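Written below as structure tokens is the structure these notes are about.
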Amino acid sequence: MPQASSISVLVVDDQLTMRALIRNALQQIGFKDIREAPDGEEALKNLLAKPANLVISDFNMPKMDGLALLRAVRSHPPIRQTAFVMLTGRADRELVQRAVQFGVNNYCVKPFTVQGLREKIEQVFGQLT
Amino acid sequence: MDELEAIKVTFFQECEELLADLEGGLLAMQEGAGDLETVNAVFRAVHSIKGGAGAFGLEPLVRFAHVFETLLDAVRGGSVPNTVELAAVLLRASDILADHVSAARGLGDVDMAASAAMAAELEQWTDPNAAPAAASAPAPAVPVAEDVPPAVVADDDALEDDDLGFVFVPQTITVEAQAADAELIPSNVWTVSIRPKSDLYRKANETALLLRELNRLGPIKATLDDSALPPLESLDPEAAYVTWSVRVETDEDEAAIREVFEFVDGDCELEISRGEGSVDQAMAALLTVAESAPAVEPAAPAPVEIAPPAPVAEVAVAPPAAEPPKPAAPAAPPAAAPAAQKATPVEVPGPGQSVIRVDPERIDRLIDLVGELVINQAMLAQRVGEYGIAPSSNLAMGLDELEQLTREIQDSVMAIRAQPVKSVFQRMPRLVREVANMTGKQARLVMDGENTEVDKTVIERLSDPITHMLRNAIDHGLESPEERKAAGKNPEGVVRLAALHRSGRIVIEVSDDGKGINRERVFSIAVKKGLITPDLQLSDEEIDNLIFLPGFSTADKISDVSGRGVGMDVVKRSVQALGGRISIASRPGQGSTFTLSLPLTLAVLDGMVVDVAGETLVVPLAAIVESLRPKPEEVRPLGPVGSVLAVRDSFVPLIDVGLTLGYREQSPHPTDGVVLLVEGEDGSRAALVADAIHGQRQVVIKSLEQNYQQVEGVAAATILGDGRVALILDVDATIAMRRREGGAPRPTEPALIAAE
């Protein structure tokens with residue numbers, strides 16, 4: 001049972017509002033080490049400089065979208081095992097399917113509740129304490 | 001919850017930006033930009049608004065944004081063609097979306113019928129076959145309900161089986177496994193990339209010393225990248241071209257490594273990363289991997305890559321002190337240059353721009369203080385003068401420098417409060433669309449000079465006159481599409497809104513390519529309304545400017561657009577109150593141009609200090625044409641009390657300021673004093689009589705209304721160098737007052753009386 005406070009998270013979304021909301025939810029769940037990036041490219045740079053345990057990423061972003069970020073993460077051994085949760089705007093089957101192909105760990109439909117997000121993360125890491 | 005409320009505030013701020021992006025993108029589409037990048041940006045804007053709105057449960061906004069987004073998604077996917085007509089519809093939809101955002105914020109209402117009708121229209125565009133039923137039923141219950149609500153109700157498990165059609169099994173992972181992988185990166189190996197700028201060498205620093213310092217932390221292996229080194233003939237000996245990549249093995253942390261470079265901070269580009277190879281290299285490799293995924297621009301923000309054969313021109317333009325070119329991710333040199341050029345027009349504001357938000361009150365306070373400083377400095381200078389200290393003395397010279405500095409501080413402080421007129425211009429495309437719709441005209445707004453800067457106090461007051469001028473241009477200026485076609489013009493009229501700086505003022509021009517002013521009609525209306533006499537001989541320009549007379553309105557019937565009982569005279573008066581001028585020029589059949597000019601700031605004024613009947617007055621320099629000492633033969637009496645002055649080949653009325661302001665009962669003879677030839681905002685001239693001129697000075701404007709009350713003939717007050725309060729003369733009001741007192745041959749037609 002991993003401790004939420006020991007898991008580092010990188011939140012990737014081009015919208016400041018969404019980043020703030022996700023950060024807020026993560027804090028309520030008990031996460032402490034939370035970083036943010038406004039697009040896939042920045043996120044990748046951030047991860048290369050300092051890996052994270054979990055990436056929570058939006059799909060539709062300028063420069064590099066969530067799928068491309070996922071692909072890049074999975075192809076780089078040192079960060080290959082980063083847990084990746086994709087946020088989708090709605091029930092976009094095609095998108096989730098492609099994300100599954102690229103090895104996404106889980107997905108979460110916006111808007112979500114704190115409990116909903118928690119469950120999604122717990123499905124990846126096991127119950128959080 | 002407070003925190004959520006704070007995020008909500010952020011959301012609405014972000015909405016403002018997104019709506020502006022949306023409108024900008026749609027306007028580009030209307031201009032024919034069909035590239036995927038633009039469509040994507042437009043889609044993303046609506047998508048983001050919807051996403052945030054969903055999080056806060058803003059139902060009507062979510063619903064409308066959803067319909068909007070669905071259509072944009074179809075455009076993006078290519079199933080709906082991206083046409084100019086579509087862009088026009090999308091623009092109107094963006095206006096309604098903006099209304100929804102405002103309503104969600106508690107500012108204003110949404111016309112639900114219009115919203116529903118627009119939603120139906122959007123659906124019709126999305127799927128022309130399925131739509132007739134929806135379009136004919138503009139009921140508030142827009143049929144979007146089928147696919148949104150389930151997701152919106154925050155039921156994130158909903159799509160697991162039903163929507164996806166396959167069962168998704170989350171991939172579990174353990175933190176330990178991650179840690180094991182992270183071990184691939186030896187924890188004590190760091191890669192330091194050092195790219196010195198020429199400043200580093202100029203300041204007598206030395207890379208070798210830095211490397212030696214690094215070596216103290218642990219064993220190092222340095223590699224020099226000289227790939228950016230130009231051929232000898234184009235090498236600038238003072239520029240820096242090389243990059244060091246240093247592998248350091250150390251148990252110290254990043255901060256310790258960074259400390260080595262403490263003294264060259266800013267003079268070199270430094271990148272420190274854990275593991276072998278720099279982030280840059282890994283990025284470059286990974287970007288190629290990601291490339292095959294959709295919607296990725298491989299190396300969009302790539303630094304200007306200068307390849308040896310191509311750069312001659314660029315190097316010549318850039319000063320040698322420019323940063324040395326980046327050793328470059330592996331890019332094919334010939335392809336690099338055109339790609340970079342292509343990328344420039346799409347200007348994406350980077351998230352890294354550092355901006356400080358400051359409470360405007362603090363800036364206002366700063367400006368007030370600087371104003372005091374200016375006054376104080378002037379007082380000091382005056383006292384030093386009174387003591388008879390020689391201008392060549394150290395003290396006087398020091399004071400000169402102080403004056404210089406004070407001016408510079410003042411300019412810099414004013415620059416802080418300067419803002420681009422964009423904030424006002426931004427609101428205008430929507431206005432034009434609405435007015436065009438209302439009047440049945442087709443109008444396209446072209447804007448120019450949106451980045452022209454002007455003081456915030458002026459910006460706030462630009463909106464009303466611009467709105468009015470634009471309304472006027474569309475309502476009265478542009479012809480109906482049919483008329484335009486008949487006249488051989490494009491049925492779509494062009495309205496141009498431009499801002500520019502001209503001789504220390506900001507000039508706003510609103511022009512249209514319509515029919516121009518119908519001078520016969522304007523003249524006859526002015527006669528009918530008793531504003532002028534029928535036998536008056538007026539030039540074309542004078543007739544055009546009749547529309548600024550109080551009580552003039554050309555619309556046959558009062559339209560609900562520009563005829564709101566507010567005529568151009570009100571606009572003119574409000575503009576004049578700001579020390580501005582407005583005029584119109586027109587060419588029949590080709591259109592009209594309104595020109596509005598305002599001072600760049602309402603805080604300081606360049607003025608001429610004069611003595612009148614023992615009082616000190618300041619006359620705005622902008623109004624003064626020249627100053628002269630009249631000769632007796634140039635002064636001619638006119639009427640019982642008035643007199644005129646012959647200036648070259650014309651006569652201008654002489655006005656004794658002392659008499660007009662009530663300082664004295666009897667005017668001295670003009671030849672005993674000095675005459676300031678002034679020009680009012682309307683172009684009318686007058687000769688102001690003063691006793692003596694003290695000189696030109698920049699003064700800080702103190703509002704009389706705020707501190708006392710409005711006084712006719714006085715625009716404001718200021719404090720002079722000796723601490724005395726001096727009044728700033730309102731030139732136009734003075735001319736008008738004098739006219740009313742008598743001696744004005746055409747009192748019914750004030751704007752034109754003195755025009756030659």
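Odds and ends about this structure:
- Residue in the stretch B:566-584 that is surrounded by the most Cβ atoms within 10 Å (Cβ to Cβ), counting only those that are more than 15 Å from B:THR457 (Cα to Cα) and touching a Leu at 6+ places or on another chain (Cβ under 7 Å): B:ILE582
- Condition check for A:GLU41: among the acidic types (Asp, Glu), more than 7 Å from chain B (Cβ to nearest Cβ) and surrounded by fewer than 20 Cβ atoms within 10 Å (Cβ to Cβ): no
- Between B:GLY57, B:GLY77, B:GLY25, the distinction of being within 14 Å of chain A (Cβ to nearest Cβ) and crowded, with 19+ Cβ neighbours inside 10 Å belongs to B:GLY25 only.
- Residue count for the stretch B:603-648, restricted to those that are more than 25 Å from B:VAL700 (Cα to Cα), touching a Pro at 6+ places or on another chain (Cβ under 8 Å), aliphatic (A, V, I, L, M) and in contact (Cβ under 8 Å) with a residue 60 or more places away in the chain: 1
So that you can scan it fast, the table gives a plain yes or no per residue for (1) in the same structural domain as B:ALA116 (by the TED database); (2) in a helix (DSSP H, G or I); (3) acidic (Asp, Glu); (4) within 26 Å of A:ASN24 (Cβ to Cβ):
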site	(1), (2), (3), (4)
B:LYS8	yes, yes, no, yes
B:PHE11	yes, yes, no, yes
B:GLU23	yes, yes, yes, no
B:THR38	yes, yes, no, no
B:PHE43	yes, yes, no, no
B:HIS47	yes, yes, no, yes
B:LYS50	yes, yes, no, yes
B:ALA74	yes, yes, no, no
B:ASN82	yes, no, no, no
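- Only one of the listed residues (B:VAL618, B:VAL644, B:VAL625) is at pLDDT 85 or above and closer than 19 Å to B:ASP691 by Cβ. That residue is B:VAL618.
- Segments classed as helices (runs of 4 or more DSSP H), wholly inside the stretch B:445-529, with at least 1 members that are in contact with a Pro (Cβ under 7 Å, 6 or more places away or on another chain) and closer than 15 Å to B:MET568 by Cβ: none
- From B:ARG427, B:ARG383, B:ARG407, residue being over 20 Å from B:ASP722 (Cα atoms) and outside the structural domain of B:GLY723 (by the TED database): B:ARG427
- Test: residue in the stretch A:14-30 that is more than 9 Å from chain B (Cβ to nearest Cβ) and not in a helix (DSSP H, G or I): yes
- Inside the stretch B:59-84, residues that are among the aromatic types (Phe, Trp, Tyr) and without any contact (Cβ under 8 Å) to a residue 24 or more places away in the chain make up a count of 0.
Yes/no per residue for (1) within 33 Å of the chain's Cα centre (by Cα); (2) free of Cβ contacts under 8 Å to residues at least 24 places away in the same chain:
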{"residue": "B:SER650", "(1), (2)": "no, no"}
{"residue": "B:ILE655", "(1), (2)": "no, no"}
{"residue": "B:GLY658", "(1), (2)": "no, no"}
{"residue": "B:GLU679", "(1), (2)": "yes, no"}
{"residue": "B:ARG685", "(1), (2)": "no, no"}
{"residue": "B:GLY695", "(1), (2)": "no, no"}
{"residue": "B:VAL700", "(1), (2)": "yes, no"}
{"residue": "B:SER703", "(1), (2)": "yes, yes"}
{"residue": "B:ALA717", "(1), (2)": "yes, yes"}
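- Against the list (1) surrounded by fewer than 17 Cβ atoms within 10 Å (Cβ to Cβ); (2) without any contact (Cβ under 8 Å) to a residue 40 or more places away in the chain, the condition B:GLY32 fails is (2).
- Selection status of B:ARG587, within 30 Å of B:THR452 (Cα to Cα), assigned by the TED database to the domain that holds B:ASN518, modelled with pLDDT of 80 or more and surrounded by fewer than 17 Cβ atoms within 10 Å (Cβ to Cβ): yes
- Subset of the stretch B:624-644 (residues that are within 44 Å of the chain's Cα centre (by Cα) and surrounded by 12 or more Cβ atoms within 10 Å (Cβ to Cβ)): B:ILE624, B:VAL625, B:SER627, B:LEU628
- Residues of the stretch A:94-112 that are among the charged types (D, E, K, R), out of contact with any Gly (no Cβ under 8 Å at 6 or more places or on another chain) and buried (at least 18 other Cβ atoms within 10 Å of the Cβ): A:ARG98 alone.
- Qualifying positions in the stretch B:395-430 - closer than 21 Å to B:GLU16 by Cβ, part of a helix (DSSP H, G or I) and of a type outside the set (Ser, Thr, Tyr): B:ARG417, B:LYS422, B:VAL424, B:PHE425, B:MET428, B:PRO429, B:ARG430
- Helices (runs of 4 or more DSSP H) wholly inside the stretch B:168-266 that include at least 2 residues being in contact with a strand residue (DSSP E or B) (Cβ under 9 Å, 6 or more places away or on another chain) and modelled with pLDDT under 85: B:175-182, B:198-202
The values are calculated or read from the model by the stated rules, or taken from the named source; none is laboratory data. Please read all numbers here as calculations on a predicted model, not as lab measurements. We place every Cβ from the backbone using ideal geometry, glycine too, and count neighbours over all the protein chains shown.
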